[in-house]
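What follows draws every value from the coordinates through simple rules; no lab data is involved. What you see is a predicted model, and the numbers here were worked out from it, not measured in a lab. Quick reminder, even Gly has a Cβ in these numbers, built from the backbone with ideal geometry, and neighbours come from all protein chains shown.
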Amino acid sequence: MLRAISWNAREVCRREFIEIFLILTVFQITLLGSGSAGNCSLLESDGCRLLIDGGLSAKQITLRLASVGVTPEMLDGVLLTHEHADHVAGLRVLCKKTPLPVYCTRLTAEVLAQDPLGLLPNVRQFPTGAEFAIGDITVQSFSVPHDAVDPIGFTFHHGKGALGFLTDLGKCTKLVQQRIRGVQTLVIETNHDEKMLQNDQRRPWSLKQRIMSSHGHLSNTAAAAELVELLDHGLRQAILCHLSRDCNAPELALAATRTRLDDAGAATTVGVYCATQMEVSPVFAIG
């Protein structure tokens, strides 16, 4: 009897230790800057640090990393969503100083290789739709509709945490919806306010059509609708990103999102934050 009680006590302690360990597991994201002029985020786990895109200047990436206590030498790599300048502009200078591995699809790598400024020194290709590990982070990639050569979204897993990362897509296809189902945190594009875009006098109608098309960018309304679809699948926080500097504003993106969440009865269950171009976001714990 004494042995049974002793074993049970040890088992209870073991389970409590595991629960505490899972709670203390580090899995977090910081948006170093996001908008139509440049995008870069820092994803951190217990044993890995990754940049998602590198569209800020190398100087700005370095300065903003320093503001959260990280140097480029502490990074384990860079993951690319696609090849557009606002997602890769700072990479060549950054990787010249610190030869980080850059993970991207084959077609994206081929486009980057054509740059007259030269090759990135350490490109690691993966097939679109591949699942792989970088350190202790599991990376799942999937195709998204956008006017790039091979644009992708990501879900990231570490411990019990799951993060979805959607930027630069014209619509959430059934594949996209399937892949982000079950994430607790979602970084999602809210590129434009539809009325502001339609009334913009500087953009020709052809460009407006491209932005609003299924291979363009998500509007505030479209992104908010997708968040509502995730309410029954564990979503706890949404980070709005990639706002147009001319055809959107943080208060508009937040209002559209919160209105839809309020209407769905999720006003207090899902936290919402809007990332900006010039400021480093807070650190968001995942899971």
Q) If you average over every viewing direction, what projected area does the convex hull of the Cα atoms of segment 27-285 give, in nm²? A) 12.9
**Q.** Across K171/K208; K174/K208; K59/K96, pairs whose alpha-carbon gap is larger than 22 Å
**A.** K174/K208
Q | HN-Hα J in Hz across segment 179-192 - Karplus 6.51, -1.76, 1.60, θ = phi - 60°, x for Gly and Pro | A | 6, 8, 5, x, 6, 7, 10, 10, 8, 9, 5, 10, 6, 9
Q: Provide the packing ranking of 66-72, 31-37, 175-181, 143-149, i.e. peptides ordered by the mean count of other C-beta atoms within 10 Å per residue, highest first.
A: 31-37, 143-149, 175-181, 66-72
Q | Of all DSSP beta bridges in segment 101-144, antiparallel share, percent nearest 5 | A | 50
Q: Sum -39500 (n - 2.57) across every DSSP H segment of at least 4 residues in the chain, then divide by the residue count to get the 222 nm mean residue ellipticity, nearest 500.
A: -9500 deg cm²/dmol
Q) Looking at the P(r) of segment 63-112, how many percent of alpha-carbon pairs lie beyond 16 Å? A) 43
